[in-house]
Amino acid sequence: MKLNLDIIQEYLPENYHTRRYGPPISSFGCPRPLLYESGQPFQENTLYIAPADVLPQTLPPKSCAFIAVGTHLPQSWLLGGADLLVINGSHNIITVFNAVHALYNSFDQWNEQIRDELEKDLDFDIRRILRLGSGMLKRNITVTDHTLQNIFRAQFRKASAERAEVIISDTPLPLDMENGERIKEVCNLERIITVPYLSSIKGYSWRYYCFNLYIMGSFMGCIAIGEESTPFRQGDYSLMDHYFRHFQNAFLKYLRSCAQEDSAGLGTLKKLLEHRPAAPEELKLFSLQPGEVWCCFRLREQRSEVSLPKEYAYAAINAMAPGTIYAVIHSGEIMGLLRLPGENRQKTLELFEQALRHAGYYGGLSNTFSDLGRLHDYLYQASYALEQGKDPKCLLHFFSSYVLSYMLSSCAGDLPAESLMSEGLKALREHDRLKGSEYLRTLDLYLQNEMSVTRTSQALFIHRSSLLKRLDKIQRLLNQDLSDPDTRLYFRICLALLRESRPPAGTAS
């Protein structure tokens, strides 16, 4: 593993008194060092360790770095911008050489341990990746998911001068309301950042260095490293950047492993869709936390987009949010369950919408529920919303937007709206046809405005007295008492049925 002088300076033993010259280096550019001898030609991209008094007056190439032991350095090196770490005192050059190589050994071992963990399949555990990171960086690490909910926290604790430990927790940390809202507000602004960054969120006096986790181009979470124990040093940033790159792969592997674990849940969901009984232990996979609810969905390929085949699409959608999205292919269509949290449900819906956009699908969504015994009722709602959704630009169609339409179609049954109308309503419609009046529209607005003359006259852009005269004529034609709430409800349903049955503007009737 390549290191830079900032890292080497910060990880050398404390009895090494060092000074750093030259610009801070954020990348890993230095391989293991070589001993420099007087008169030796410089090699590009090389780290040298040398006694200070043997350095030539000529500056080395910009790609070279030097660790000089001693105090008598050429002024041209100190003033010329050379990448230089000076170790003062009477340290033996071989002792320094061995100490630096010990650092490389330590970081090589750390890097190999992370790589070995990433290569595991069946027994891969992201907690071990977190433990390795927190232990080497000596800092606390927090991981949040796409809803900004804490899912992992690694706490670094120094038990003694010689011994430290890392405690991993997957229990969500409660936030007080004020801080919770502030953190969510900042995170919502920072989640678009695709490179490591210092967050605007601060603890009591410390900062967080963060990296947003993007999978398939979508925000899936964030890893944050805190400076609670000691302020960040220059070398920390390049080390944390290196760790972030590994953790991105680890998080993707974690999501995939969660998706594999959820395969049992998908099997149970198929049973429920096929009206087959599921065992109690299978249903435990669908237990809800306080505040959580379910929502059914049913998907269809977008009309104007290139859509993934169903066999690929449902797997890709599941992988976007394991444990949140459960999609299966049933009766030739993609359908399933969406787990909505107690708070920030909109974020989960946005993630689901992103998943559909990537796959080239749109969907109908049911009302929320918690009783899986009513699964088919809510799946019917999702199917109805899917059929009613006409806007091609909209990817999510909610049953709540079409519930009145469904209720109207259900209450009418097989009878046309015409056969449900009273003589009075027919008389109003006939008057409108013969006289060109707006009696039906006036009655509709009058009932929608809860019989408010003021609001109805404003909606019709007529004077209050003109409206009162018109309402008097309408009342005589209806020959029914509008003060009766059941009568008003009946008229509103009939008028809504007329609107539902009316052909859209520009179409032939």
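Just so you know, all these numbers are worked out from the coordinates, no wet-lab data involved. Here the structure is a predicted model, which means the values were calculated and not measured. Backbone-built Cβ (ideal geometry, glycine too); neighbour counts: all protein chains shown.
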Problem - Hz values of 3J(HN,Hα) by residue in the range 73-81 - Karplus curve (6.51, -1.76, 1.60), Gly and Pro given as x - result: 10, x, 4, 4, 6, 6, 9, x, x
Exercise for the section: Sticking with the crude label model, points 7 Å out along Cα→Cβ, report the distance from S287 to Y197 in nm, one decimal please. Expected result: 3.9 nm
Fill in the blank from the handout: When the charge dipole of the chain is computed with +1 at the Cβ of Lys and Arg and -1 at the Cβ of Asp and Glu, the Cα pointing farthest to the positive end, of L3, L288, L84, is that of L288
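For the range 1-73, run through the GluC sites (Glu not before Pro) and keep only the ones in DSSP coil with at most 10 other Cβ atoms within 10 Å of their Cβ.
On the way: sites: E10, E14, E37, E44; in loops: E14, E37, E44.
The qualifying sites are E14, E37, E44.
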Problem - Bridge type composition, the range 5-106 - antiparallel percent by DSSP, nearest 5 - result: 25 percent
Completion exercise
Label model pair Q388, E37: point-to-point distance (7 angstrom along the Cα→beta-carbon line) in nm is 8.7 nm
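Figure the gain on full extension for A164 and M1 (residue separation times 0.36 nm, minus the Cα-Cα span) and round it to one decimal in nm.
Details: separation 163, 0.36 × 163 = 58.68 nm, distance 2.38 nm.
Between A164 and M1, full extension yields 56.3 nm more.
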Handout entry: the range 264-401 - charge dipole about Cα centre, Lys and Arg +1 at Cβ, Asp and Glu -1, debye rounded to 20
Key = 100 debye
Problem - Distance in nm between pseudo-label sites at Q346 and R455 (7 Å out along the Cβ direction from Cα) - result: 2.5 nm
Practice task
With +1 on each Lys and Arg Cβ and -1 on each Asp and Glu Cβ, and nothing else charged, work out how big the dipole of the chain is about its Cα centre, in Debye to the nearest 20.
Solution key: 1280 debye
Problem - Lys/Arg +1, Asp/Glu -1 at C-beta; the range 289-447 dipole; positive extreme among L338, A355, I325 - result: A355
Exercise for the section: For the chain, give the share of DSSP beta bridges that are antiparallel, in percent and rounded to the nearest 5; count only bridges with both residues there. Expected result: 75 percent
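In the range 321-429, which trypsin sites (Lys or Arg not before Pro) are in a loop and have at most 16 other Cβ atoms within 10 Å, using DSSP for the loop call? Kindly include the intermediate steps, with their values, before the conclusion.
Numbers: sites: R339, R345, K347, R357, R374, K390, K393, K426, R429; in loops: K390, K393.
When the trypsin sites (Lys or Arg not before Pro) of the range 321-429 are filtered for loop state and at most 16 Cβ neighbours within 10 Å, K390, K393 remain.
Rank the residues H376, H242 as a footprinting-exposure proxy: fewest other Cβ atoms within 10 Å of their Cβ go first. Provide the component values of the computation, followed by the final result.
Values: H376 12, H242 21.
So the residues, fewest neighbours to most, are H376, H242.
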Problem - Normalised contact order of the chain, rounded percent, pairs of Cα under 8 Å and 6 or more residues apart - result: 8 percent
Handout entry: Square roots of 5 times each gyration tensor eigenvalue, C-alpha, the chain, largest first, Å
Key = 70, 26, 20
Problem - Förster radius 35 Å - calculated FRET efficiency between S410 and S437, Cβ distance, rounded to 0.05 - result: 0.65
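Mind listing which trypsin sites (Lys or Arg not before Pro) in the range 17-118 are in a DSSP loop and have 15 or fewer other Cβ atoms within 10 Å?
On the way: sites: R19, R20, K62, R115; in loops: K62.
Those that pass, being in a loop and sparsely packed, are K62.
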Exercise for the section: Quote the FRET efficiency, to the nearest 0.05, computed for H358 versus D123 with a Förster distance R0 of 22 Å and r equal to the Cβ-Cβ distance. Expected result: 0.15
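How large is the helix-only mean residue ellipticity at 222 nm for the chain, computed as the sum of -39500 (n - 2.57) over DSSP H runs with n ≥ 4, divided by its residue count, in deg cm²/dmol to the nearest 500?
Helix contribution divided over all residues of the chain: -14000 deg cm²/dmol.
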Completion exercise
Ordered by fewest other Cβ atoms within 10 Å, a rough proxy for footprinting exposure, I167, I7 read I167, I7
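Quick one: which of K253/K310; K347/K393; K271/K310; K138/K202 span more than 21 angstrom between C-alpha atoms?
Working: K253/K310 23 Å; K347/K393 19 Å; K271/K310 19 Å; K138/K202 19 Å.
From K253/K310; K347/K393; K271/K310; K138/K202, over 21 Å: K253/K310.
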Practice task
Any chance you could run the full-extension gain for D472 through R276? It's 0.36 nm times the residue separation minus the Cα-Cα distance, nm to one decimal.
Solution key: 64.5 nm
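For S106 and Q57, compute 0.36 nm times the residue count separating them, minus their Cα-Cα distance, and round to one decimal in nm. Write out the running numbers ahead of the final one.
Numbers: separation 49, 0.36 × 49 = 17.64 nm, distance 3.40 nm.
Between S106 and Q57, full extension yields an extra 14.2 nm.
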